[in-house]
Amino acid sequence: RYEITQREAVAEILPGLKTPLWTYEGTFPGPTIESRRGRPITVTHRNELPVPTVVHLHGGRTPASSDGYPTDLVLPHGHTASHAMHDPRAVVTTLTRDYTFPLDQRPALLWYHDHRMDFTAPAIWRGLAGLHVVRDDDEDDLGLPAGDRELPLMICDRAFAADGGLAYPALDPALRERPGVHAAYLGGVLGDVILVNGAPWPVHEVDAARYRLRVLNASNARHYELAAVTDDGRPVPLVQIGADQGLLAAPVPHHRLPIAPAERYDVVIDFSQVRPGERVRLINHLGADRTRDVMAFHVTRRAPDDSRVPDVLSTDLPTWRRSEATTVRDFSFRAGHTPHGRGWVIGGLPFDPTRTDVATTLGATEVWRLIADVHHPVHLHLVGFRVLSRGGRPPLPHDAGLKDTVSLRPGEAVEIITRFDGYRGRYLFHCHNAEHEDMGMMANLEIT
Ligand code: C2O
Ligand code: CU
Ligand code: CU
């Protein structure tokens, strides 16, 4: 049982400057929740922020009542319901809310974040995000790097105003009034400061040993292509052992690892290939200048290392075959018309909480063909899926394993396969460019 108070807090993120934040428990990121597979937990959220909130556990196999539907609001304490109920579409409201997570799922790095309709992007930007690690005995027994040598890395970008406040364009009343500003941010909001676990470009001291980096891209809109290089430019491979929904079948080495918003990659890096005293930089090939650097590891000393990366990591990945699918659906993710003007739509339609976009039955296996105009990281609630094809070709190496978010590249079609098991109810799928999501690129999935 956990209790989390959502409240305003001030942090020193950039040296000497104070940054007001919206937080879970006063910190950014929020507290990391550690849980065990199949052991249900309840998290009680109390909202002391000035706005309604919604909590979603991204990657969780969660009953719909605790999945954080965008109109399922936790109202602010100290604010009257009528004030917060300006959105007539709100269906359920409370001041404090128990979210119950069965966690009957593969061990994985999940994350929790705000999900309020139309306001998810600014809420995450202001700090409403945290990590949640699910573990089990089988994974513990593999001998992967653990303890101090397992590092969860929540990577995100932010922009700061001169006074240290977070700069989010739509929060600036002057910009809000000006027509056209919305259009300027259609692509999503980017920052020029890269934060890892809330700190700008950190340097972390490590032994000359293997480390497990559990990377989450918690950025609203920024894509990264990560690589590790020594100061003299030698690449250090990132050996992928897991995806969004847990361990791969077998390790996959990468020199460059693309990571879209909301994706997680579990990688092992071996610093014993580097001399003590050297540094290894984690860089972003898609960035320029300040956004090219992510963080650095300072290798301080030789040290014993009894960790290993087994050739077989897991044997329980679903092996759904195309021939098992009872339904094939097509969805286009494109710019389009919304009630608020230009925005983003799925199959031509902007999000409407009263419409059922997909109706399916518990246990159905389906193939979804997703096609994009520009980059869209597409996320399904409740279920993991496997990538069947990308651009008419076999999936890329980093598409391996069980995913809950897949990056559609510009003009590209991706086929995924999944089984809608677990729970009945109303769930979502959406683009996880948080601004695209707020500007309409979300749809309802009803499982009966
Ligand atoms: Cu990470 Cu619908 O969310
Ligand atoms: Cu989710
Ligand atoms: Cu998008």
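Quick note: the coordinates plus some simple rules give every number you see, no bench work behind them. Since the structure is predicted, the reported quantities are computational estimates derived from the model, not experimental observations. Every residue, glycine among them, receives a Cβ derived from its backbone with ideal geometry; neighbour counts consider all protein chains shown.
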Anisotropy class of segment 2-136 from Cα gyration tensor, a/c 1.5 cut: oblate
Förster-model FRET efficiency, 35 Å R0, Leu186 and Leu17, C-beta, rounded to 0.05: 0.75
Other-chain or far-sequence residues with amide H under 5 Å of Thr62's (modelled H): Leu382
Among Ala359, Ala121, Ala64: highest mean-square fluctuation, GNM of the chain, C-alpha pairs under 10 Å: Ala359
Most mobile listed residue (Arg39, Arg149, Arg390) in the chain, GNM with C-alpha springs under 10 Å: Arg39
Given charges at Cβ of Lys, Arg, Asp, Glu: the chain dipole, positive-most of Gly30, Asn47, Ser332: Ser332
Extension gain (nm, one decimal) between His298 and Glu412, 0.36 nm per residue minus Cα-Cα: 37.2 nm
Interchain or long-range residues, amide H under 5 Å from Trp111's placed H: His58, His132
Global form of segment 322-447, assessed from the alpha-carbon gyration tensor, a/c cut-off 1.5: oblate
R0 of 25 Å, Cβ-Cβ distance Ala288-Arg334: FRET efficiency to nearest 0.05: 0.35
Calculated FRET efficiency for the pair Glu446/Asp98, C-beta based, R₀ 22 Å, to 0.05: 0.40
Whole-Hz ³J(HN,Hα) from phi, Karplus 6.51 cos²θ - 1.76 cosθ + 1.60, for segment 59-76, glycine and proline x: x, x, 8, 10, x, 4, 5, 10, 7, x, 4, x, 10, 8, 8, 9, 6, x
Electrostatic dipole magnitude of the chain [Cβ: Lys, Arg +1; Asp, Glu -1; Cα centre; debye, to 20]: 500
Three-way shape label, segment 241-392, alpha-carbon gyration tensor, a/c 1.5: oblate
Long-range HN-HN contacts of Leu313 with modeled amide H, under 5 Å: Ala250
Charge-dipole axis of segment 342-448 as Lys and Arg at +1 and Asp and Glu at -1 on Cβ define it, positive-most pick from Gly411, Ile447, His398: His398
Alpha carbon convex hull of the chain, projected area averaged over orientations, nm²: 20.8
Residues Thr120, Thr42, Thr338, sorted so that the one with the fewest Cβ neighbours within 10 Å comes first: Thr42, Thr338, Thr120
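From the C-alpha coordinates alone, can you work out the Kirkwood hydrodynamic radius of segment 26-72, in Å?
Evaluated on segment 26-72, it is 12.6 Å.
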Cβ charges +1 (Lys, Arg) and -1 (Asp, Glu), total dipole of segment 2-136, debye: 260
Residue order, fewest to most surrounding Cβ atoms within 10 angstrom, among Leu21, Leu109: Leu21, Leu109
Karplus (6.51, -1.76, 1.60) ³J(HN,Hα), θ = phi - 60°, over segment 414-422, in Hz, Gly and Pro reported as x: 10, 9, 10, 10, 8, 10, 8, 10, x
Vicinal HN-Hα couplings computed from phi for segment 389-402 (Karplus, 6.51 cos²θ - 1.76 cosθ + 1.60; Hz; Gly/Pro x): 7, 9, x, x, 10, x, x, 7, x, 7, 7, 4, x, 9
Virtual paramagnetic centre 7 Å along Cα→Cβ of Val193, amide N under 14 Å, in segment 126-154: 126-127
Antiparallel bridge percentage (DSSP; both residues within the chain; nearest 5): 75
